[in-house]
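Novice: Could you have a look at this structure, given as structure tokens, before my questions?
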Amino acid sequence: MVNFNGNIQENSSILIENNRGFLFGDCVFETIKVFDNKVLFLEDHYFRLMASMRICRMEIPMNFTMEYFESQILNLIQSLKNSNSFRVRFTVYRDSEGFYLPKTRSVQFLVTAFPLNSDLYVFGKEYYEVELYKDFYITKQLLSTLKTNNKMLQITGSIFAEENGYANCLVLNDEKNVVEALQSNIFMKTGNVVITPPVSDGCLNGIMRKQILEILKKIEGIEVKETSISPFDLQKADELFLTNVISGIQPITKYRKKEYTTEFASDVLKRLNAKIRLS
């Protein structure tokens, strides 16, 4: 773990008295993959974090540059030296007394890192069945697109999926459109058209979502659209696949009675890994 003073601490207990991220969910975070001492998609992560802090009206320190952001991550990684690939969480929380109204807007941050088994991206599971999660809905608003500590929907949805034998669940917004999975963005291929929900529908403004959109737009013969997905559209699709920055791409193989192919997702995965090698 790293704190704002640049100190690396192992197995440290975190004081929670003024940690508003713990007390009120007053924090934003980035989930980042580091491979071979390189922060993947560094610029995208940094600018999304900065935008999230501005939206949440956090004070951004003058020294919080992209170079500083990168150095704090790599300093922690280099102190561990037990893997070539890491999952990093960079959490920024408002460091202030006060209840719902903080007395100041100043921030602190924490960096945590966990080793990963694979370096480049591979398919996680061959069989991957999903279902709709309809106990709670995502609202179509800007806060829904941010990575904050308010993940109760994702937690209860994950428990529902485990209890019912599903690999994941698809989440709906308040207009009953499919927005994303519990921890991933979703893409749907029907014929030569690939669709993903627009951020305005309430889905996470995912870093991997952005990378995949860039890759798809370069594939000849493929039309890419950002438009709403109805649950009825899922039954007509040829392929469904999920994306996030840690797993890369995970194809969905079954939704209810519909089974899907994975050839297109496999091709996109190869292009993603090639992009990382050349970057």
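Novice: From the set of residues in the range 243-258 that are under 14 Å from V122 (Cβ atoms) and among the hydrophobic types (A, V, I, L, M, F, W, C), which is farthest from the chain's Cα centre (by Cα)?
Specialist: I249
Novice: How many residues does the range 170-193 hold that are farther than 15 Å from F232 by Cα and either among the small types (G, A, S) or surrounded by fewer than 23 Cβ atoms within 10 Å (Cβ to Cβ) (or both)?
Specialist: 8
Novice: So, in the range 71-115, exactly how many residues are free of Cβ contacts under 8 Å to residues at least 40 places away in the same chain and crowded, with 19+ Cβ neighbours inside 10 Å?
Specialist: 0
Novice: Here's a follow-up. Output the residues belonging to the range 24-53 that are at pLDDT 95 or above and in a helix (DSSP H, G or I).
Specialist: Once the filter is applied, which keeps residues that are at pLDDT 95 or above and in a helix (DSSP H, G or I), the range 24-53 yields L42, E43, D44, H45, Y46, F47, R48, L49, M50, A51, S52, M53.
Novice: Looking for something free of Cβ contacts under 8 Å to residues at least 60 places away in the same chain, in a helix (DSSP H, G or I) and closer than 21 Å to S279 by Cβ - is there at least one such residue anywhere in the range 54-63?
Specialist: Within the range 54-63, none of the residues are free of Cβ contacts under 8 Å to residues at least 60 places away in the same chain, in a helix (DSSP H, G or I) and closer than 21 Å to S279 by Cβ.
The values are calculated or read from the model by the stated rules, or taken from the named source; none is laboratory data. No experiment lies behind these values; they were computed from the predicted model shown. Note: ideal-geometry Cβ built from the backbone for every residue, glycine included; neighbour counts use all protein chains shown.
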